[in-house]
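Structure first, commentary second.
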Amino acid sequence: MEIKGKNVLITGASQGIGKSTAINLAKHGANVIINFNSNEKLAKEVLKECNQYSKENVIIKADITNENDVKEMFNKIAKKYNKLDILVNNAGIFDESDNPTNLKVFENIFSMTFLAQIRVIKYTLEMMKKGKIINVSSLYGRIGQGHPRAIAYSAMKAALGSYTKNLAKYLAPNIIVNAIAPGKTLTPMWGELKEKDKKELAATQLINRFILPNEIAEGIIFLIKNDA
C-alpha cells in the first residue's frame, strides 16, 4: 500500500505509540485523524508536528467507550473525508488495581481495551471498502505471557488477539487485518518510573531495555505497507 494521500484514523493518538504512529504516518504523506479523549493540549501538539509533513490532518475528541461519541466522531470524519483507508486501533488502559477478583477493573478494561476497539471497527467498516486495520495488542495477550498483576489487561489483550485473527478471515481479501503485540514499551501508561524500577523492568527483556514507541510505530507502518 502506498501511504501517501491515504486517510488514517488513530485512536489514543495524543501520546505514546499512537503519537509516534501519527507522526510517522504524516511523514509518509498520510492524512491523519488524531483521536484523543482527555488531553487536548497534547493532541494539538501532535497535530502541529504532523502538519509539518502533511496538511489534511485533524484532531477529534471522542471517548471510544461511548457509542454517541464514536458515532459523532465518524460523522465528522465523513464530512471531511470520503473514505477511510487505514485504522490503527491503539487506545487502551492499564489499571493499578488489576487483580484476579477485581470485577470493576475487568469491566473497565473490557470496555476500553476490547469492546471499544470493536465499536470503532464497526463504524470504520461503513467507510472502508478496501484498506488496513491494525489492532495494538500486547505480548501479555499471548498464551503463557500474561502477568498475575495485570490479569484483566492480559485477558482482554488475549481476546483482542483472537478477535483480530477471526476478523482477518472475515474481511479478507479486501481489508487486511493484523495486530502488533509489543513487549514493555516506554509509554506514559507506566507513569513516573524511578530509574531503579525502570532498569529492573527493562532487564526482563532480551534487549535489556524498554522498547521505544517509535520502534513500534515502524512495525505498524510495515504492516500497513505490506499487502500480504
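Key figures for this structure:
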{"item": "For region 24-30, Karplus couplings with θ = phi - 60° (6.51, -1.76, 1.60), whole Hz, Gly/Pro x", "result": "5, 5, 4, 4, 8, x, 6"}
{"item": "Extended-chain gain in nm, criterion 0.36 nm per residue less alpha-carbon gap, Glu192 and Ser162", "result": "7.6 nm"}
{"item": "Heavy atoms of Ile151 accessible to a 1.4 Å probe, total area in Å² rounded to 10", "result": "60 Å²"}
{"item": "Distance (nanometres) between label positions extended 7 Å along Cα→Cβ at Ala228 and Lys122", "result": "3.6 nm"}
{"item": "Descending Cα extents along the principal axes, the chain, whole Å", "result": "46, 35, 34"}
{"item": "Stokes-Einstein D in µm²/s, Kirkwood radius over Cα pairs - region 38-123 at 10 °C with 1.306 mPa s viscosity", "result": "107 µm²/s"}
{"item": "Long-range amide H partners of Gly146 with built H, under 5 Å", "result": "none"}
{"item": "The chain, dipole about Cα centre (Lys/Arg Cβ +1, Asp/Glu Cβ -1), debye to the nearest 20", "result": "560 debye"}
{"item": "Accessible carbon and sulfur surface of region 151-228 relative to its total accessible area, %, 1.4 Å", "result": "58 percent"}
{"item": "Residue among Tyr53, Tyr170, Tyr153 with the largest mean-square fluctuation in a Gaussian network model of the chain, springs linking Cα atoms under 10 Å", "result": "Tyr170"}
{"item": "Top of Ala13, Ala179, Ala202 by mean-square fluctuation, Gaussian network on the chain, Cα under 10 Å", "result": "Ala202"}
{"item": "Probe 1.4 Å, protein heavy atoms only - accessible area per residue of region 46-88 in square angstrom", "result": "54 Å²"}
{"item": "Amide N of region 122-165 lying under 13 Å from the label point, which is placed 7 angstrom from the Cα of Ala203 along Cα→Cβ", "result": "none"}
{"item": "Solvent-accessible surface (1.4 angstrom probe) belonging to Leu193, in square angstrom, nearest 10", "result": "50 Å²"}
{"item": "Region 2-136, accessible surface, carbon-and-sulfur percent (1.4 angstrom probe)", "result": "49 percent"}
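The values are calculated or read from the model by the stated rules, or taken from the named source; none is laboratory data. Because the structure is predicted, anything quoted here is derived from the model rather than measured. As a convention, Cβ positions derive from the backbone with ideal geometry for all residues, glycine included, and neighbour counts pool all protein chains shown. Note: accessible area is taken over every heavy atom of the protein model, side chains too, but ligands, DNA and RNA are not part of it. Shrake-Rupley method; radii C 1.70, N 1.55, O 1.52, S 1.80 Å.
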